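**Student:** Right, I'll just put the structure down here and ask away after.
The values are calculated or read from the model by the stated rules, or taken from the named source; none is laboratory data. What you see is a predicted model; the values in this text were computed from it and never measured. Don't worry about glycine lacking a Cβ; one is built from the backbone with ideal geometry, like all the others, and counts go over all protein chains shown.
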Amino acid sequence: MYVCLCHGVTDRQIRIAAANGCTTLEDLGALTGTGTGCGGCAQVAEAILGEAAVRPAAARALPLPMFAQAA
Ligand code: FES
């Protein structure tokens, strides 16, 4: 889904940025423009960055909750 309408940035793009070391909204803004327009996306973008930081790559590879619990 689109998170930042001002710059056309999706949640997937934010997760990819996080996987490549982006940890702050400032970094994300420099990389994608997210949060640098109206700012309406900032809270959601930060939440996605935070979620990506706490969920290791192995957990993200198991998209169905039942598989994540089994792992
Ligand atoms: Fe992201 Fe406006 S929606 S800066």
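**Student:** What are the pairs with Cβ atoms under 6 angstrom where one residue, in region 1-12, is more than 13 Å from Gly37 (Cβ to Cβ) and the other, located anywhere, is near the ligand (Cβ under 9 Å from one of its atoms) and among the aromatic types (Phe, Trp, Tyr)? Sequence gap at least six, or different chains.
**Tutor:** So the pair list comes out as Thr10/Tyr2.
**Student:** Provide a single number: the residues in region 2-33 that are in a loop (DSSP other than H, G, I, E, B), touching a helix residue (DSSP H, G or I) at 6+ places or on another chain (Cβ under 7 Å) and closer than 16 Å to Ala52 by Cα.
**Tutor:** The total comes to 2.
**Student:** As an exercise: evaluate Leu62 against (1) at pLDDT below 95; (2) part of a helix (DSSP H, G or I) and give the number of the one condition it does not meet.
**Tutor:** (2)
**Student:** When the residues of region 26-57 are filtered to those that are polar (S, T, N, Q) and over 14 Å from Arg12 (Cβ atoms), which remaining residue is nearest to the ligand (Cβ to nearest atom)?
**Tutor:** Among residues in region 26-57 that are polar (S, T, N, Q) and over 14 Å from Arg12 (Cβ atoms), the one nearest to the ligand (Cβ to nearest atom) is Thr36.
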